[in-house]
Number of protein chains: 2
Amino acid sequence: MSPNPATLDVVGIGNAIVDVLGEVDEIFLTEHGLTKGSMTLIDEGRMHELYDAFPPAQEHSGGSAANTMVGAAALGSSAAFIGKVRDDQVGEIFAHDIHAAGVEFEVKPTEEGSETGRCLVAVTPEGERTMSTYLGASIELEPKDINPELVAAAEVLYLEGYLWDPPSAKQAMRHAVDISRGAGRRVSLSLSDPFLVDRHRDEFQALVEDSVDILFANEHEAMALYELDDLEETLLVLEEVCEVTAVTRGRQGSIILGPYGRVDVPVEEVERRVDTTGAGDLYAAGFLHAFTAGHEPEVCARFGSIAAAEVITHIGARPETDLQALVAERVG
Amino acid sequence: MSPNPATLDVVGIGNAIVDVLGEVDEIFLTEHGLTKGSMTLIDEGRMHELYDAFPPAQEHSGGSAANTMVGAAALGSSAAFIGKVRDDQVGEIFAHDIHAAGVEFEVKPTEEGSETGRCLVAVTPEGERTMSTYLGASIELEPKDINPELVAAAEVLYLEGYLWDPPSAKQAMRHAVDISRGAGRRVSLSLSDPFLVDRHRDEFQALVEDSVDILFANEHEAMALYELDDLEETLLVLEEVCEVTAVTRGRQGSIILGPYGRVDVPVEEVERRVDTTGAGDLYAAGFLHAFTAGHEPEVCARFGSIAAAEVITHIGARPETDLQALVAERVG
């Protein structure tokens, strides 16, 4: 029970990243040792090396939780984002875009150290994306960057799993979890990547069991969390430990486990998958928007599917069409 | 007559700009005093003010002549670009994209002074673009940035009219014209904007009459050059002063005046105009590519129309599909 009504729908914590999106062929992935569909962390040297080999690109603000907050705001939620950029041109682009999308973002940029983070997104012809991420200034996020009033005011705190790698950022997230729970709010986590889950399995298990109310994972991340090969078996475990779990399965739609049991929700059909960057982020956006508006899990999943479907029809991980109109048309 | 065979098809001189493209409605234009379809030069203060009000955007390398060189290279021409960026992140993006497109670009970035130039491109729903350009480091181009061997080696020197505003850049272009003519090459000019023509009418008239072999202008720019209200009358004058003139007329196609008389070439139909940014630039790219390949003016215009049609079907001013395949399919 929350002592005060929430004045904000959702606050997300994650990497503050600008995506550099370029179209490549399979050979490019092989030549540069990239595993299709994966996310690999790279250092500054490797980033410049890979960028030199990269095709002409376009820059779009990104970052997983940031995309989710932008999507939630586009649907009508009040949303805020916590993440770290540097006071450089790329950081200026990130801050501009998230503000212009109507998301509150007040964390002070760093004045020294690494540049603002960038993600080189290699998009192959069938629309799959392979990401090489230079976290840059993102890793400088610290507990003191967490505004306790902001977190306590939000109905849902949304955590990007990716940010579990940098130690001070992880501490900042743990601090935010304490504030959110202390204020009687809900905590939500996205597992982000199966390899990330491998790196932090014990901590993620404990976090999910002790503090997470709403878990987002794709099937590979979900199975990685409990080192199981079988999805159904994984779902039985998740049902026990989490209040609400949304497992996304790409073209197979999603499975929601909640207090009323299990619901399977089909994927929203699209004419052509252009670029799947941001599909999971926007699924979470739709889900959380509907959740904070008081909808049943099944409706939440439909909102998620519609928002995810929009973002894969174009280059870039943030919505480019009116999501509210889209949802009104399809959910009614 | 050229003493040596050209080893490069085309070298372009122009502003080195990164476009910031955002979708706006008509009200945005009115509120910010922007005239639809125009290009306005803005200073750094105004750029930041307008950017603050700008919607979420995406960044694509741009610059008129730079787009033309990228288009020519995409069609198979050997192309080089001369323009000035700063040693900042936006400059790094510009340099990366033009190199990755296969265009030679060797001008040293400035190490102090203005940031790399940016153009805020406001795209309205029907696909028209309204540009507010902060030239930034572009205006620092000087005669010593012109590599004489490079210019002398190119069959065509292509000048972006926009660069006539900054005095040292204009000097650099005049210097390049002298080198090109001295080496027996062809000089080509794009008039870029009717207001620009108003500002430099006498100089442009003299340049066109004395030094330009191939002139690119839209109908408004062409009429502005001789202060005439009538297009047909304007064409009669242009026929006298220039060896080849290509007058573009948006949806009405283009008119070519050349040694064999006048040809009217229809526009290439497209399903949907998404963003007209770069249409003129890519028309020049197709035209120059075909011209240096030895085609008749009519075929040059078809290449131009096809390249222009591609670029208006998506956001951004540089080709995103295989132009060589497109041209092969349509011209045969």
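Quick one: net charge of A:G332's neighbours, Cβ under 15 Å, K/R +1, D/E -1? Net of charged neighbours comes to -2. Across all directions, the shadow cast by the convex hull of the protein assembly as shown built on its C-alpha atoms averages 29.3 square nanometres. With its label point put 7 Å out from Cα toward Cβ, B:T313 sits 1.7 nm from the same residue's point in the other copies, in order from shortest.
Whole-percent P(r), region B:123-192, all Cα pairs, 10 Å bins from 0: 20, 42, 24, 12, 2. For chain B, count all C-alpha to C-alpha pairs, find those more than 26 Å apart, and express that count as a whole percent of the total. Considering chain B, 42 percent of its Cα-Cα pairs are separated by more than 26 Å.
Each residue of region A:146-185 gets 51 Å³ once the volume of the Cα convex hull is shared out per residue. Would you mind counting up the charge near A:S114? Only other residues with Cβ under 11 Å from its Cβ, with Lys and Arg at +1 and Asp and Glu at -1. Net charge in that neighbourhood comes out at -3.
Under the convention that each Lys and Arg Cβ holds +1 and each Asp and Glu Cβ holds -1, the size of the dipole of the protein assembly as shown around its Cα centre is about 60 debye. Each of B:H96, B:A79, B:V107 was scored by the projection of its Cα onto the charge dipole of region B:60-172, and the greatest displacement toward the positive side belongs to B:A79; charges sit on the C-beta of Lys, Arg, Asp and Glu.
Across region B:188-261, the volume of the C-alpha convex hull divided among the residues equals 78 Å³ per residue. Taking 1.306 mPa s as the viscosity and 10 °C as the temperature, the Stokes-Einstein diffusion coefficient of region A:270-322 based on its alpha-carbon Kirkwood radius rounds to 147 µm²/s.
Placing unit charges on the Cβ atoms only, positive for Lys and Arg and negative for Asp and Glu, gives region A:1-102 a dipole magnitude near 540 debye about its Cα centre. Taking only the alpha carbons of region A:1-100, we obtain Rg and Dmax values of 17.0, 57 Å in that order.
Rounded to the nearest 500, the 222 nm mean residue ellipticity of chain A from helices alone is -12000 deg cm²/dmol, with -39,500 (n - 2.57) taken per DSSP H run of at least 4 residues. Residue order for A:T234, B:T313, A:T116, fewest other beta carbons within 10 angstrom first, comes to B:T313, A:T234, A:T116.
For region A:19-121, DSSP calls about 35 percent of its internal beta bridges antiparallel.
Counting other Cβ atoms within 10 Å, keep those with at most 15, restrict to DSSP loop, and tell me which trypsin sites (Lys or Arg not before Pro) in region A:1-86 are left. Taking region A:1-86 and a limit of 15 other Cβ atoms within 10 Å, the loop trypsin sites (Lys or Arg not before Pro) found are A:K36. Taking a ≥ b ≥ c as the square roots of the eigenvalues of the Cα gyration tensor of region A:87-158, is the shape rounded (a/c under 1.5), prolate (a/b larger than b/c) or oblate? Here region A:87-158 falls in the prolate category. The dipole here belongs to chain A: it is taken about the Cα centre, uses +1 on the Cβ of Lys and Arg and -1 on the Cβ of Asp and Glu, and is about 600 debye. Of all DSSP-defined beta bridges confined to region A:212-332, some 65% are antiparallel rather than parallel. When the P(r) is computed for region B:37-196, the part past 23 Å accounts for 38% of the Cα-Cα pairs. Distances between copies of A:D264, taken at a point 7 Å out from Cα along the Cα→Cβ vector and listed shortest first: 6.2 nm. Shape descriptor for region B:237-307: Rg over Rh equals 0.97 (Cα atoms; Rh from the Kirkwood inverse mean 1/r).
Electrostatic bookkeeping for B:E142 treats Lys and Arg as +1 and Asp and Glu as -1; over the other residues with beta carbon under 12 Å from its beta carbon, the sum is +3. Cα centroid separation, region A:42-86 to region B:25-64: 23 Å. Under Stokes-Einstein, with the Kirkwood radius over Cα pairs as Rh, the value for region A:196-332 at 20 °C and 1.002 mPa s is 140 µm²/s. Looking at region A:72-153, which GluC sites (Glu not before Pro) are DSSP coil and have at most 14 other C-beta atoms within 10 Å of their C-beta? In loop regions of region A:72-153 (DSSP not H, G, I, E or B), the sparsely surrounded GluC sites (Glu not before Pro) are A:E106, A:E111, A:E112, A:E126. Could you tell me the center-to-center distance, by alpha carbons, between region A:200-231 and region A:145-185 in angstrom? Spelled out, the Cα-based centre of one part sits 18 Å from the other. Based on the Kirkwood radius over alpha-carbon pairs, what is the Stokes-Einstein translational diffusion coefficient of region B:15-68 at 37 °C with 0.692 mPa s viscosity, in µm²/s? Translational diffusion coefficient: 266 µm²/s.
Where both bridge residues fall in chain A, DSSP classifies roughly 35% of the beta bridges as antiparallel.
Modelled spin-label separation between B:Y260 and B:K144, with each label point placed 7 Å from Cα along the Cα-to-Cβ direction: 4.7 nm. Loop-located trypsin sites (Lys or Arg not before Pro) across region B:220-298 with a Cβ neighbour count of 16 or fewer within 10 Å are B:R249, B:R272, B:R273, with loop assigned by DSSP. Each other copy holds its own label point for B:E112; taking that point as 7 Å from Cα along Cα to Cβ, the gaps run 2.2 nm, nearest first.
No lab work stands behind these numbers, since they all come straight from the coordinates. Nothing here was measured: the structure is a model prediction, and the numbers come from that model. Note that each Cβ is placed from the backbone with ideal geometry, even for glycine, and that neighbours are counted across all protein chains shown.
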